[in-house]
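Report on the structure given below.
No lab work stands behind these numbers, since they all come straight from the coordinates. Everything numeric here is computed off the predicted structure, so don't read it as measured data. Positions of Cβ are generated from backbone atoms using ideal geometry, with glycine treated the same way; all protein chains shown enter the neighbour counts.
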Amino acid sequence: MSQIEIIKVPDIGDFDSVEIIEVLVAEGDSINADDVIITLESEKATLEVPSPASGVIKKLLVKLGDSVSQGTDMLELEISESANEEPKAVDEPAKVEKTEQAKVEKPTKTETAEMPKEVTRKPPPVTLQANNLTGKKAHASPAIRKFARELGADINLIPGTGRKGRITKNDVKSFIKQALQSGGTIQSGASNFDVLPPVNEDFSKYGDIESVSLSRIQKISGKYLHRNWVRIPHVTQFDEADITELEQFRQDSKDEAKAQGFGLSPLAFIVKAVAVALKKFPKFNSSLDAAEENLIMKKYYHIGIAVDTPNGLVVPVIRDVLGKTVMEIAREMSELSVKARDGKLAPSDMKGGCFSVSSLGGIGGTAFTPIINAPEVAILGVSRSQVKPVFNDKGEVKPRLMLPLSLSYDHRVIDGADAARFIVYLSTVLSDLKKMLL
């Protein structure tokens, strides 16, 4: 004797209307208890739904792409009488383990739902720790899928060595290494980071045109900018710094700098203040390692400055900023800027930066979102300062020179609260020149 049971989605915690990203069985398949039926994917987690019993699948009631919730019918399972003799634990609550950034509370017990025939079985615990079964599609977590996609590898071609064939990060690395060593190419449906190809359109249909080649610097930097924008989760924090006293001091010192053959711009003070802030907030003076699993904390303070040249943007690096005076920084900035505009920067002049500063203050604007210069984890954008009415501690309105700051940071490394603390502290350093001496 056998009976047909409806297998439903069990309690999956706080998730609701979760999309099915894998269906690992088909009608007519014989399955064992605990075999995974479907894989669900929420915004931050992957959940596997196993079978509570052994039997033959008579009918699938869900398909790839469906959204399901607790209690949704998944399939009709034909169970033999002998299989039913072994009791299943039906009161054990489904457990959802956290993975990646998902944090799910332990669910309560699920009430047994009615079924058209006999009794509906309750599946065993659902876990976020997915395990690959030998099947039609690759079985991997969202993080591993993203990792493979970023490296240009087709996840469906990678063999898994984890439990039940689960694809791990080492599997992806091994696949990439083997492909490169064999001289082959890595094909992926998600090549170019899933970005649509450029528009190929004949613009001459609409009027006269002229084709102008990009400069060599633009061609090279464009690829890196695209990579950094796609691969790094950018967030930009904005603030203003009161630089009234700083500007007065700069005006008083300009003639001294000019006598030595260089200009004294506000950027020299900003670069020095950034180094002071990096010392107080060392996470901003770090880089992710190649595996993106460890932070490399740097004990030196090399600051890159974006220089606009006729051929494009370049970022020469001023080394050991913390140990230099503002005058020394200004002199070196002047020398590097001349080399950049003359096209005489050596590759070593643009290597080893810890943090970059992009200043548009001489041009204008109120704010912008600078793109992080990987492998750095943050960059500061500076816009044109303006005199604004500001309330002082006594409640009086005074004209103050305010400098707009835009801090873009890698959200994988830096939290929003840390970014806010960093830019607020940087503002206080720029507002109080004495802090640059500490």
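Of the beta bridges DSSP finds with both residues in the stretch 328-438, what % are antiparallel, to the nearest 5? Within the stretch 328-438, antiparallel bridges account for around 75 percent of the total. Extension gain for ASN392-LYS59 works out to 112.5 nm (0.36 nm per residue, less the C-alpha to C-alpha distance).
State whether the stretch 216-437 is rounded, prolate or oblate according to the following rule on the C-alpha gyration tensor (a ≥ b ≥ c being the square roots of its eigenvalues): a/c under 1.5 gives rounded; otherwise a/b larger than b/c gives prolate, and the remaining case gives oblate.
On the way: a/c = 1.62, a/b = 1.20, b/c = 1.35.
Oblate is the answer for the stretch 216-437, as a/c is 1.5 or above yet b/c matches or exceeds a/b.
Which listed residue (ILE329, ALA340, PHE391) has the Cα farthest towards the positive end of the charge dipole for the stretch 216-437, taking +1 on Lys and Arg C-beta and -1 on Asp and Glu C-beta about the Cα centre? The Cα lying farthest towards the positive end belongs to ALA340. Size estimate for the stretch 377-416 follows the Kirkwood approach: the inverse of mean 1/r over distinct Cα pairs works out to 12.4 Å. Only the Cβ atoms of Lys and Arg (+1) and of Asp and Glu (-1) were treated as charged; on that basis the dipole of the stretch 216-437 about its Cα centre amounts to roughly 420 debye. Across the stretch 239-319, Cα-Cα pairs farther apart than 21 Å form 50% of the total. Kirkwood hydrodynamic radius of the stretch 366-438 from all distinct Cα pairs, in Å? Taking every pair of different Cα atoms in the stretch 366-438, averaging 1/r and inverting gives 14.1 Å.
Of the cross-linked pairs LYS388/LYS435; LYS279/LYS394; LYS219/LYS344; LYS169/LYS298; LYS146/LYS279; LYS388/LYS434, which ones have a Cα-Cα span greater than 30 Å in the structure shown?
Exceeds cut-off: LYS279/LYS394; LYS146/LYS279.
Among the trypsin sites (Lys or Arg not before Pro) in the stretch 332-395, those located in a DSSP loop and surrounded by at most 10 other Cβ atoms within 10 Å of their own Cβ are LYS344, LYS394.
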